[in-house]
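Quick notes on the structure that follows.
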Amino acid sequence: MILWELLGDHTFRTVLLGTMGVGAVSGSIGCFAYLRRQSLVGDVVAHSSLLGIVLFFLISYWLTGEGSKSLFVLIPGAMVAGVLALGLSQWIVSCTSVRADSGLGVMLAIFFGTGIMLLRWVQKANPPIPGRRGLDSYLFGMAASMTWADLVMIAIVGVGSIAVMLLLWKELKVFTFDPLLAQSLGYRTRWLDWLMIGIFVNGIVIGIQCIGVVLIIAMLVAPAAAARQWTESLESMVVLAAVIGASCAAIGTVVSAVVSGIPTGPVIVLAGATVVLGSILFAPKRGILFGGRKRASAAMQVRFRESSK
Amino acid sequence: MTVPAIQVEKLTVTYDAEPVLWDIDLTVPQRVVMGLVGPNGAGKSTLLKSILDLTPKLAGQIKVLGQPFAANRKAIGYVPQRSSIDWDFPTTVLDLVVMGTYGRLGWFRRPGERERADAMAALKRLGMDAYAERQINELSGGQQQRAFLARAFVQDAPIYFLDEPFAGVDVPTEKLIVQLLHELRDEGKTIVVVQHDLKTVGEYLDQVSLINQTLVASGDVESSFSEQLIEETYSGRSRICSPIVKGDA
Amino acid sequence: MSLLAWTYLIAALTAVACSLAGVMLVVKREALVSEGLSHAVLPGIVLAFLVFRDRSSPLLILAAGLSGLLMVWLVQWIARTGRVKQDAALGIVFSGMFSVGVIASSLNLKNVHFHAHCIIDGNLAFAALDDCHWFGFYLGPKAFVSMLLCVVGVIGFVVVFFKELKLLAFDETTSHLFGFRPRLLHTIWLAIVSIVAVAAFEVAGTILVVALMIAPAAAANLLSDRLSWMFVLSALLGVVAALLGVALSQPLSISPAGPISSIAGFEFLLIVFFAPKRGLIARRIARRRRRRLWIALLAKRNRLPKNE
């Protein structure tokens, strides 16, 4: 009943549409990140995007006299910072003895640290910067503040990324599976790599508003990890991950609308984590509890005992 | 007859319920250089890991010098595969060799002058004393392998395991390593070498075990390293079916 | 002592504890575990608070430490089942646990002082306000006492188990053969790291934990040939970042956590460029010199036949 009432509400419909869209897009893009073992890279990119968000907010303030929190301004900022952080860490790792994990961690310190520093300064600055209110909601997300304009931006970025992904499906698939093979097939792997990074960063920044930079990683990886348990092909994995992502987003949005004071982002993430855990345990083929391999192993033990008699 | 250095009895190891090693009985006598030989993915390194008690076994047991592994674990010296080492680790060559004395020292006690002197002596024996203060990444591949051999010397264990010691090593170092292994054997040590290069088996090893999921053959190089057995080991068909069929019958 | 002086001191102690703890994470290539731990301690703190209703109870730290270990264990368990890749497992588990913490604290926001912004960068300057007395003696601010204990604990552990830790990080198999129980030691070490993470988290939020655990240690790794030096340099670099960070935060009147992490990161960048042996510039010079040598040699060889 409550659900019907909620669905009648225009604001709620907007928010629900937005979060579900983000869930679906991040979820499907996340499959590639998951398969390329770039989950934590995603976390660092997400955190790093805060610097871009705050900087672009400040730039819009210097240009127009009022800081803009429109996603048309902040998402490009987040993209720039995310790509920069990733590029810088890859460059350092490729030309020094620094390891990938340390390199990423340091980018977190630089980009997120500086981002937080600027964010706090913006909040405290005297005289106050117009429009600064609520800028810190990009840390944990504020789905309820979503407007139609935001939805349009999310749709542009999301549909664009998915379209590119579908157009270059074959190439991206081969590249994810085996970069050397892609090279030998004559693909421009360097371009593919950058394209992948672009899509990847899009899948992250799209969720900064409803889930926030701190937790968006889960939206990227959890649906993929869960979907992997149920399917064996990349195609069905991507579709399923999109469905799981959208469902988790819907659950989170509804729960936080019904129970007052509960933030949307963390509920969505918690739903995602629960689905992953459930999938690990219960998935028919790979699941631990009913997995086929486990039974094979039991049968084998019996045979083994018999054969060694 | 003396107790065997290593005795593997009815060892079966599975990975994710798929058998990797099946019902292996293997004896490594003392004072030999034994090679564990087989194609990639045949379970050589799994066998090594299960002898060193690093991986759970489905069945079987391991004896080291007649005792269970836990009682005699310090009897084994281990030289890891070169590619598995973090060469950027902040440690000097001398430092690395001193690590060989840690087992002797036990918990809490620190290496002192004596341990460092031992380490220097071992480095000298391998012609590496000039590099003692270098960071390990500043060495060539062959020198790195020698540094680890120096560590094995210092450890002074009765049994040594070397995982792919000749991978990525220059020819002079390879000859030197073989010479050292033979010296060690003559001093009464037992050496087990994991290897997948077949060409040098006859020249380097006393005994050989051919492994591909099961133990195809084990014994002196002359008898066990026949073309037919090698063919059987490297032909790649799954060899586990036969015992199961036998068991079912 | 003035409040500002205490702030400097607490920041420096936090830096020492974190940057020492980070050394082992960096050399074992699991630096991002600190990112996980810094988030995963939150549900422990919040839930323990909801149960005991006492901010200063040491049980809070214990509970948070346990929830950090729970995360490590969960990730290891998931990775061992082989169903989910390890990096994804880490990402999912810590963000899931962090979400539990955020939700729990928002359910009861009136009584808990964990507002969203404290979680990320708690105000270090306020940490100096809460005093600690012991049998009537004034010991200094509570954060000072807890960080001092952490520093003493970590240094003590590193000094006593230096040899075992080194072998654990460098060659786990040999450590296992020598009977040094590498798995157990690793778990104990992670427990210590997670307690340091809790204490630092209470002082200044998640960001400081991650930044101070990774950046100074990674920079020290570029400067040192020995593990012992790496520990010392890491602590030094951490302290420098902490002091500069607090100094920078004063004119901006913001929490020092952000500036400290930012400076720790830029310190690392500086060292990446200018480190004497492994820095970018040193490597480039060395490579150029070597190449010139080869070219000279080649030129010589090519000239010889002509002269003959």
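The values are calculated or read from the model by the stated rules, or taken from the named source; none is laboratory data. If you're wondering where the values come from, they're calculated on a predicted model, not measured in any experiment. Glycine gets a Cβ as well: all are built from the backbone with ideal geometry, and neighbour counts include every protein chain shown.
A few remarks follow.
- Listing of helices (runs of 4 or more DSSP H) fully contained in the stretch C:209-308 that carry 2 or more residues being of a type in the set (Phe, Trp, Tyr): C:227-252, C:257-274
- Restricting the stretch C:258-271 to residues that are buried (at least 24 other Cβ atoms within 10 Å of the Cβ) and within 7 Å of another protein chain (Cβ to nearest Cβ), the residue that is nearest to residue A:123 (Cα to Cα): C:258
- Count of the stretch B:102-154 residues which are not polar (S, T, N, Q) and not in a helix (DSSP H, G or I): 14
- Taking the conditions (1) under 16 Å from residue C:171 (Cα atoms); (2) more than 9 Å from chain C (Cβ to nearest Cβ); (3) under 19 Å from the mean Cα position of the chain (by Cα) in turn, residue B:68 satisfies each one other than (1).
- Every condition in (1) within 14 Å of chain C (Cβ to nearest Cβ); (2) surrounded by 17 or more Cβ atoms within 10 Å (Cβ to Cβ) holds for residue A:91 except the one numbered (2).
- Qualifying residue in the stretch B:91-100 (condition: of a type in the set (D, E, K, R) and surrounded by 23 or more Cβ atoms within 10 Å (Cβ to Cβ)): yes
- Residue within the stretch C:234-245 that is of a type in the set (Gly, Ala, Ser), buried (at least 18 other Cβ atoms within 10 Å of the Cβ), within 12 Å of another protein chain (Cβ to nearest Cβ) and under 26 Å from residue C:62 (Cα atoms) present: yes
- Test result for residue C:23, within 12 Å of another protein chain (Cβ to nearest Cβ), closer than 28 Å to residue A:35 by Cα and either touching a strand residue (DSSP E or B) at 6+ places or on another chain (Cβ under 6 Å) or of a type outside the set (Phe, Trp, Tyr) (or both): no
- Residue within the stretch C:176-195 that is at pLDDT 70 or above, away from every other protein chain (no Cβ under 14 Å), more than 25 Å from residue C:210 (Cα to Cα) and surrounded by fewer than 19 Cβ atoms within 10 Å (Cβ to Cβ) present: no
- Considering A:197, A:204, the condition of being within 19 Å of residue A:112 (Cβ to Cβ) and surrounded by fewer than 24 Cβ atoms within 10 Å (Cβ to Cβ) is satisfied by A:197 alone.
- Condition met for residue A:213 (part of a loop (DSSP other than H, G, I, E, B) and touching a residue at least 12 places away in the same chain (Cβ under 8 Å)): yes
- Residue match in the stretch C:258-267 (condition: at pLDDT below 90 and in contact with a Pro (Cβ under 9 Å, 6 or more places away or on another chain)): no
- Residues being out of contact with any Gly (no Cβ under 6 Å at 6 or more places or on another chain) and surrounded by fewer than 24 Cβ atoms within 10 Å (Cβ to Cβ) are represented in the stretch C:30-42 by at least one member.
- Pairs with Cβ under 7 Å, 6+ apart, first in the stretch C:145-167 and buried (at least 18 other Cβ atoms within 10 Å of the Cβ), second of a type in the set (D, E, K, R) and modelled with pLDDT under 90: C:163/B:110
- Scanning the stretch B:105-131 for residues that are surrounded by 14 or more Cβ atoms within 10 Å (Cβ to Cβ) and within 14 Å of another protein chain (Cβ to nearest Cβ) returns B:105, B:111, B:115, B:116, B:119, B:131.
- Count - residues of the stretch A:1-57 that are basic (Lys, Arg) and within 11 Å of chain C (Cβ to nearest Cβ): 2
Results for (1) within 11 Å of chain A (Cβ to nearest Cβ); (2) part of a helix (DSSP H, G or I); (3) not basic (Lys, Arg), shown as yes or no for each residue.
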residue	(1), (2), (3)
C:42	yes, yes, yes
C:48	no, yes, yes
C:59	no, yes, yes
C:63	no, yes, yes
C:68	no, yes, yes
C:75	no, yes, yes
C:78	yes, yes, yes
C:84	yes, no, yes
C:87	yes, yes, yes
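- Residue match in the stretch A:109-120 (condition: at pLDDT below 90 and away from chain C (no Cβ under 11 Å)): no
- Matching residues, the stretch A:222-249, being closer than 12 Å to residue A:22 by Cα and surrounded by fewer than 17 Cβ atoms within 10 Å (Cβ to Cβ): A:243
- Answer from A:158, A:67, A:77, A:82 - the residue that is in contact with a Pro (Cβ under 7 Å, 6 or more places away or on another chain) and of a type outside the set (A, V, I, L, M, F, W, C): A:67
- Extreme residue, nearest to the other protein chains (Cβ to nearest Cβ), among residues of the stretch B:38-65 that are of a type outside the set (A, V, I, L, M), outside any helix (DSSP H, G or I) and under 17 Å from residue B:4 (Cβ atoms): B:60
Yes/no matrix, rows are residues, columns are (1) aliphatic (A, V, I, L, M); (2) touching a Leu at 6+ places or on another chain (Cβ under 6 Å); (3) away from chain C (no Cβ under 14 Å); (4) in contact (Cβ under 8 Å) with a residue 12 or more places away in the chain:
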| position | (1), (2), (3), (4) |
| --- | --- |
| A:71 | yes, no, yes, yes |
| A:97 | no, no, no, no |
| A:103 | no, no, no, yes |
| A:125 | yes, no, no, no |
| A:151 | yes, no, yes, yes |
| A:160 | no, no, yes, yes |
| A:172 | yes, no, yes, yes |
